[in-house]
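Here the structure comes first, spelled out in structure tokens, and everything after it is commentary.
The values are calculated or read from the model by the stated rules, or taken from the named source; none is laboratory data. In this text, all values refer to a predicted model and were calculated from it rather than measured experimentally. Because the Cβ atoms are built from the backbone with ideal geometry, glycine has one as well, and the counts that use them run over all protein chains shown.
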């Protein structure tokens with residue numbers, strides 16, 4: 001139904017607003033159990049996405065990082081290597 005929600009904390013550069021919104025959409029889709037809400041549920045779905053994105057942004061601003069920020073390219077390479085190992089079997 002949806003891809004995995006990715007970690008957004010302690011990256012350099014910090015998570016962009018579109019990344020926060022994408023994570024919120026994925027979360028709401030998972031909770032609602034649907035990728036696209038019915039028309040009569042669209043307003044509630046959109047409101048939930050906005051509220052989750054706002055809460056996520058506040059959380060990311062409030063968290064204190066421990067350790068050096070992670071590099072997005074290095075983390076992506078690690079994920080690709082894990083996936084290659086997992087699916088090579």
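Taking segment 1-25 as the search range and keeping residues that are assigned to a helix (DSSP H, G or I) and without any contact (Cβ under 8 Å) to a residue 24 or more places away in the chain, which one is surrounded by the most Cβ atoms within 10 Å (Cβ to Cβ)?
Filtering segment 1-25 for residues assigned to a helix (DSSP H, G or I) gives 17-25.
Subset that is without any contact (Cβ under 8 Å) to a residue 24 or more places away in the chain: 18-19, 22.
Working: 18: 9, 19: 16, 22: 18.
Step by step, filter segment 1-25, then rank; the result is 22.
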**Study point:** Residues that are within 17 Å of the chain's Cα centre (by Cα) and either closer than 26 Å to residue 70 by Cα or surrounded by 14 or more Cβ atoms within 10 Å (Cβ to Cβ) (or both), drawn from segment 35-48
**Key:** 45, 48
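So that you can scan it fast, the table gives a plain yes or no per residue for (1) touching a strand residue (DSSP E or B) at 6+ places or on another chain (Cβ under 8 Å); (2) modelled with pLDDT of 95 or more:
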| position | (1), (2) |
| --- | --- |
| 33 | no, no |
| 36 | no, no |
| 45 | no, yes |
| 52 | no, yes |
| 72 | yes, no |
Practice item. Test residue 76 against the criterion of being exposed (fewer than 13 other Cβ atoms within 10 Å of the Cβ), at pLDDT below 90 and under 23 Å from residue 12 (Cβ atoms), and give yes or no. Key: yes
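Being outside any helix (DSSP H, G or I) and farther than 19 Å from residue 20 by Cα is the filter here; which residues of segment 37-89 pass it? Let's see the steps before the verdict.
To start, the set of residues in segment 37-89 that are outside any helix (DSSP H, G or I) comprises 37-38, 63-71, 88-89.
Residues satisfying the conditions are 37, 38, 66, 67, 68, 88, 89.
Residues are listed down the side, and each one gets a yes or a no for (1) within 24 Å of residue 83 (Cβ to Cβ); (2) under 16 Å from the mean Cα position of the chain (by Cα); (3) buried (at least 17 other Cβ atoms within 10 Å of the Cβ):
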| residue | (1), (2), (3) |
| --- | --- |
| 27 | yes, yes, yes |
| 33 | no, no, no |
| 53 | no, yes, yes |
| 68 | no, no, no |
Point to revise | Close pairs (9 angstrom Cβ cut-off, 6 or more residues apart or separate chains): at positive phi in segment 51-75, part of a loop (DSSP other than H, G, I, E, B) anywhere | key: 67/10
